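Inspection log for the structure reproduced underneath, given as structure tokens.
The values are calculated or read from the model by the stated rules, or taken from the named source; none is laboratory data. Just so we're clear, the structure is a prediction, and the values are computed from it rather than from any experiment. For neighbour counting, all protein chains shown are included, and Cβ atoms are generated from backbone atoms with ideal geometry for every residue, glycine included. These area figures cover heavy atoms from the full protein model, side chains too; ligands, DNA and RNA do not enter into them. Shrake-Rupley method; radii C 1.70, N 1.55, O 1.52, S 1.80 Å.
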Amino acid sequence: MTHKEIREKFLAFFKKRGHAVVSSSSLIPSDPSVLLTTAGMQQFKPYYTGEADPVKDFGLKNTVSIQKCFRTSDIDEVGDETHLTFFEMMGNFSFGGYWKEEAIKSAHEFITKEMGLAISYVTVFKGSDVVPKDNESRAIWQSLGVKDIREEGMTDVFWGPTGSSGPCGPTTEIYCKNAADQDVEIWNIVFNEFFCDGSREELLAGNAKLRSLAMKGIDTGMGLERLAMISQNAKNIFETDLFTPIFDILSDVGLDERKKRIVVDHLRGSIFLITDGVRPANKGAGYILRRLMRRVMVYEKMYELPPDVFNKMAMVVVEYYGGFYPKLAREFGAVIDEEREKFMKMLDKGLRVLNTELKVFSFDTFQLPKQEDIPDISDGYVPPGLTGKWFFDFYQTFGFPLELSIEVIKNRGRRISDIQLKRITEEFNKEIEKHQEISRAGAEKKFGGHGLLLDTGELKAGTPDEVQKVTRLHTATHLLQYALRKVLGSEVQQMGSDITPERTRFDFSFPRKLSPDELRRVENEVNSVIDADIPVIMKEMDYDEAVKGGALAFFKAKYPKRVKVYSIEGVSRELCGGPHVEHTGEIGRFKILKEEAISSGVRRVRGTIE
């Protein structure tokens, strides 16, 4: 059964059983507690807690989706038989519509009858000090004829919250055998009956409290890649039809199997991140994208691969997935080319420096001291000059993440022991922490060496005078967005903003540099609204009502059910937490300081008030 047939069969199965089919949400989540979307249930979190009404939004209490997911925790494991960064999570969800019996029976029917697969065994929760043993799930599986039922504890079959808090509960897992006769977990059925006031790690450590949810819910997740592996009788996920067309392009290049898997995974993940608006950057989701792309580009450089190999692979990804994800980005080529041009210049310089260092500290000619003179080193030796501090300085100068530098060294035939690598990594991370502390200290100094009176994340001020200044700049930023959309068109969307007493910084989506005339028109438009001295009105209302009424929302932000809407009659209407001036005339004269690109398709305007 092809992956397309599996998708269609899964959605049709649950649609027939009273589930609304919901499209995948963005890889950039509305939940601010997580960097990227890691599970199918993330877009449904408000329905478990009662903050949102599924019947109002979907017409039913039950939904089914195939969700794009990205897990950064798996990056370093990519290359083995099972790990991926980007994957698709098939799931069915119920928000008070049904409970354990229907969830388990539906899963059993889909696997054994619709897919025609044999269940190897299932797991159930064995209980803990705070949550009782799940005898109900065991009885249901037994009634279905499943004999191998294994009990597991909190670490394995109690699903913690996604992010810093959220719904959670015991789970039951389904295992099937692949072509290598290995038992593979393919489906996890979570019984959300608690709300956890902390993260999964805090829960396992006993530092988070559980409270019962008013409405129990079902949350299931099944990896499409794993189900395809079982269905297609493959030994690993990379032998399925989800990957083989992409691998075919790498058939004649000089990469081993592990590196091919890394290239395929990273390119696939990059395209989906680009589609959802992520662009290479030095922090946040942009850093994840840059890390993926640059790792692939290191291989391109090291093995002298033709640049069009990756473009061809990317085209296959777009064509292959485009049927199910019609908005899959086709501008990926420009993003890849721009990042390659930047990185290759830096890579050339960095590789020359790294090679020089390796000659100075030659692994080929360096005489290893006696074993007793090398504490904690067993199977290799890194010369003293290549310390974590050295790698951090190298990273600061040339942008090489530590793992890329280590990979280059290993591919030069050099040996690094696990113990020495651990030591280098710890030293490197300490330097990162020092750098962050210095940055924070600099920010405190900038704001007078004291705590901030105002810090919303977007607005920062340290004195009453500074609060008044950033308030004026905040309203000016709303006017700036209005002016940009009026001059450039409604395709302009806010991508972020940051306001200090000195300036406002506004990021927005736009494909090219603004002309001097366009900048002048934007600035004049802002000042004309300031001169009109229009009242700024705030009203509280339901989020849905605000959006339906035309209020603009920052697409990355997480909004509560009740929101504040700030309106400037005939000009601007936006969801915002404030603060703002009462009349636009209070702002003063607005001036654009600079306009620049910060990544492909994203521009930045810096402005101030006089």
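Of the numbered conditions (1) among the hydrophobic types (A, V, I, L, M, F, W, C); (2) closer than 17 Å to A39 by Cβ; (3) modelled with pLDDT of 95 or more, C176 fails exactly one; give the number of that condition. Going through (1) among the hydrophobic types (A, V, I, L, M, F, W, C); (2) closer than 17 Å to A39 by Cβ; (3) modelled with pLDDT of 95 or more one by one, C176 breaks only (2). Go through the stretch 514-564 and give me each residue that's at pLDDT 90 or above and under 30 Å from G284 (Cβ atoms). Across the stretch 514-564, the qualifying residues are L514, S515, E518, L519, V522, E523, V526. Among the residues of the stretch 557-610, those identified as within 29 Å of Q43 (Cα to Cα) and aromatic (F, W, Y) are Y559, Y566. Within the stretch 386-408, being within 14 Å of R295 (Cα to Cα), part of a helix (DSSP H, G or I) and small (G, A, S) holds for one residue alone: S405.
So that you can scan it fast, the table gives a plain yes or no per residue for (1) under 27 Å from the mean Cα position of the chain (by Cα); (2) open to solvent by 10 Å² or more (accessible area, probe 1.4 Å):
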| site | (1), (2) |
| --- | --- |
| S164 | yes, yes |
| P167 | yes, no |
| N178 | no, yes |
| F195 | yes, yes |
| I237 | yes, no |
| V253 | no, yes |
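The rows are residues; the columns are (1) within 25 Å of T275 (Cβ to Cβ); (2) buried (at least 17 other Cβ atoms within 10 Å of the Cβ); (3) at pLDDT 95 or above.
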| residue | (1), (2), (3) |
| --- | --- |
| E5 | yes, no, yes |
| F10 | yes, yes, yes |
| K16 | no, no, yes |
| S26 | yes, yes, no |
| P29 | yes, yes, no |
| L36 | yes, yes, no |
| Q42 | yes, yes, no |
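Entry remark, the stretch 278-303: residues being out of contact with any helix residue (DSSP H, G or I) (no Cβ under 7 Å at 6 or more places or on another chain), touching a residue at least 12 places away in the same chain (Cβ under 8 Å) and not in a helix (DSSP H, G or I) number 1 in total. Residues in the stretch 34-51: is at least one of a type in the set (D, E, K, R) and in a helix (DSSP H, G or I)? Yes: the stretch 34-51 contains one or more residues that are of a type in the set (D, E, K, R) and in a helix (DSSP H, G or I). Taking (1) part of a loop (DSSP other than H, G, I, E, B); (2) open to solvent by 20 Å² or more (accessible area, probe 1.4 Å); (3) under 30 Å from L289 (Cα atoms); (4) not small (G, A, S) in turn, M89 satisfies each apart from (1).
Per-residue answers, yes or no, for (1) open to solvent by less than 40 Å² (accessible area, probe 1.4 Å); (2) at pLDDT 80 or above; (3) on the phi > 0 side of the Ramachandran plot; (4) in contact with a Pro (Cβ under 8 Å, 6 or more places away or on another chain):
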| residue | (1), (2), (3), (4) |
| --- | --- |
| M293 | yes, yes, no, yes |
| A334 | no, yes, no, no |
| E341 | no, yes, no, no |
| T356 | no, no, no, no |
| K359 | no, no, no, no |
| D376 | no, no, yes, no |
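A search for C-beta distances below 8 Å between a residue of the stretch 89-114 that is within 17 Å of L144 (Cβ to Cβ) and any residue that is open to solvent by 40 Å² or more (accessible area, probe 1.4 Å) and part of a strand (DSSP E or B), counting only pairs 6+ apart in sequence or on different chains, returns W99/K216.
Please work out if S528 is of a type in the set (G, A, S) and open to solvent by 60 Å² or more (accessible area, probe 1.4 Å).
Values: of a type in the set (G, A, S): yes; open to solvent by 60 Å² or more (accessible area, probe 1.4 Å): no.
No: the conditions fail for S528.
Every condition in (1) closer than 25 Å to R71 by Cβ; (2) assigned to a helix (DSSP H, G or I) holds for L328 except the one numbered (2). The set of residues in the stretch 261-276 that are in contact with a Lys or Arg (Cβ under 9 Å, 6 or more places away or on another chain) and open to solvent by 10 Å² or more (accessible area, probe 1.4 Å) comprises T275, D276. Applying a threshold of 6 Å to beta carbon distances and a minimum spacing of six or more residues, or different chains, the list of pairs starting in the stretch 21-33 at a residue that is farther than 9 Å from Q43 by Cβ and ending at one that is modelled with pLDDT of 95 or more and open to solvent by 50 Å² or more (accessible area, probe 1.4 Å) reads V21/K15. Spot the failing condition for R200; the list is (1) within 20 Å of Q42 (Cβ to Cβ); (2) of a type in the set (K, R); (3) surrounded by fewer than 18 Cβ atoms within 10 Å (Cβ to Cβ), and only one is missed. Every listed condition holds for R200 apart from (3). Selection of the stretch 471-504 for residues being assigned to a loop (DSSP other than H, G, I, E, B) and either crowded, with 17+ Cβ neighbours inside 10 Å or not hydroxyl-bearing (S, T, Y) (or both) yields G489, E491, V492, Q493, T500, P501, E502, R503.
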